[in-house]
Amino acid sequence: MFRLRLFSLLVLLLAALPGFAASPPSPAPVALGQPLTVHFFDVGQGDAALVISPTGKTVLIDGGPPEARERLTARIKELVKGPLDLVILTHPHLDHLGGLVSAVRAVGARRFMDPGFNHPSEAYRDLLDFVGDNVGQVLTPEPGPSSAHGLLTIGLGEGVSLTVFWPRMPKEPFLVGTRSDANSNSIVLRLTYGKTAFLLVGDAEPDTEAALLQRSLNLTATVLKVAHHGGKHSSTAAFLAASKPQAAVISVGAKNDYGHPAPETLARLADVGAHVLRTDQEGEVVAASDGQSVTLRTHAGTGALLVLTGNVDPSPVTSAPAPLTPVRPGATPPPRGESGRAPKSSPSDSSTGPYVGLKGSKVFHRETCSTLKRSKSERTLYPNREAALRERRPAEDCHP
């Protein structure tokens, strides 16, 4: 039965496992030397990353698009020898969840976490059904009442900590009325080991970045997983100035339909001196930290080498917590029901067609989208959104 657990239960269950405790980072010196490894997989136009801690704890963050599921599953089977300790879906879009069922079915998983943000996609509902039947514990990232600044922090052993910066339900409402509310409420994570840190932001939007910047959060990172595949709206100058990444990994598909990464984003990354690594050019990027420095290799660890000296403070906050004020008025989306599953689309969700898909493309558009006006490709017409979602994912230019 698919159930959401309260944070108190999360604390008890995680704390009961050696090296996997929900607690703030300890100020005591950590035992450095064993590697913390992060694999940024090449899944095309999507996101998927695997964290392997020095004690062997594994966290899979997103699962790429459906077309990459076989490649992702094969790689997971190579790297993971037992059930994944935690699977995190940053937000319910197909390019982040498409390969999760296959990966979890291959190796198993003990826990699953997602933002708890309602989304009508059939693929998301199917994933939740699968998780409810096959994963022992299902969580949402509720802020910890006793942890620093009300943040949920999960210990992965040997001083490695994974802290959730966003979302902060129920302490604060989800962001609504943004370019993409699902993107804006992506789970934002900071992974720290000694003097090194990884900032993993899903498809966070400018509204998300602004919300994070309002708080006394320590956003500094040795390595930044760039938001939204390098889209032009995210990775604002203010956010990059606060995070100060030495390296930036962009998970993106070659010759994608969106022009990712955007020249504007690449220019802003260059302005802060970040070394950019792109999965469409370098393949899988493997980052290994010994707590003092991060070594990055391309092409699944066989390619070019880059070594970064760690200089970050592992603390999740920079000073006393600032007053918490929402960036814009927010409202809690409809509940997912007692089972925790997203409800099926209402008639109003599916009756506002038609929607259009272009031959050779994996997305669908509104009939009025400017992309359609520029294209002469063969078209598939869908009478409603539900029909389009069965075969394609929503385009990001017109947000159908």
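In table form, for the structure just shown:
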item	result
Two-site FRET efficiency, T380 against D313, from Cβ-Cβ distance with R₀ of 45 Å, rounded to 0.05	0.30
Estimated inter-spin distance, K77 and D397, nm [label 7 Å along Cα→Cβ]	3.8 nm
Net +/- balance of residues flanking D313 in space, Cβ distance below 12 Å, scoring K and R +1, D and E -1	+3
Karplus (6.51, -1.76, 1.60) ³J(HN,Hα), θ = phi - 60°, over region 35-44, in Hz, Gly and Pro reported as x	x, 9, 10, 10, 9, 9, 6, 8, 10, x
Loop trypsin sites (Lys or Arg not before Pro), region 168-276, which have at most 12 other Cβ atoms in a 10 Å radius of their Cβ (DSSP)	K171, K255
Phi to ³J(HN,Hα) by Karplus 6.51 cos²θ - 1.76 cosθ + 1.60 over region 226-240, Hz, x for Gly, Pro	5, 5, 6, 6, x, x, 6, 7, 8, 6, 5, 4, 5, 5, 5
Vicinal HN-Hα couplings computed from phi for region 99-110 (Karplus, 6.51 cos²θ - 1.76 cosθ + 1.60; Hz; Gly/Pro x)	x, 5, 4, 4, 5, 5, 4, 6, 10, x, 7, 8
Built amide H within the under 5 Å cut-off of A204, gap 5+	H228
Linear extension gain, K171 paired with E67, 0.36 nm per residue minus alpha-carbon span	33.7 nm
Theoretical FRET efficiency, 1/(1+(r/R0)^6), r = Cβ-Cβ of S293 and E367, R0 41 Å, to 0.05	0.20
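Read-outs: derived from the displayed coordinates by stated rules, not from any lab. Nothing here was measured: the structure is a model prediction, and the numbers come from that model. Neighbour counts are summed over all protein chains in view; Cβ atoms, including those assigned to glycine, are modelled from backbone coordinates with ideal geometry.
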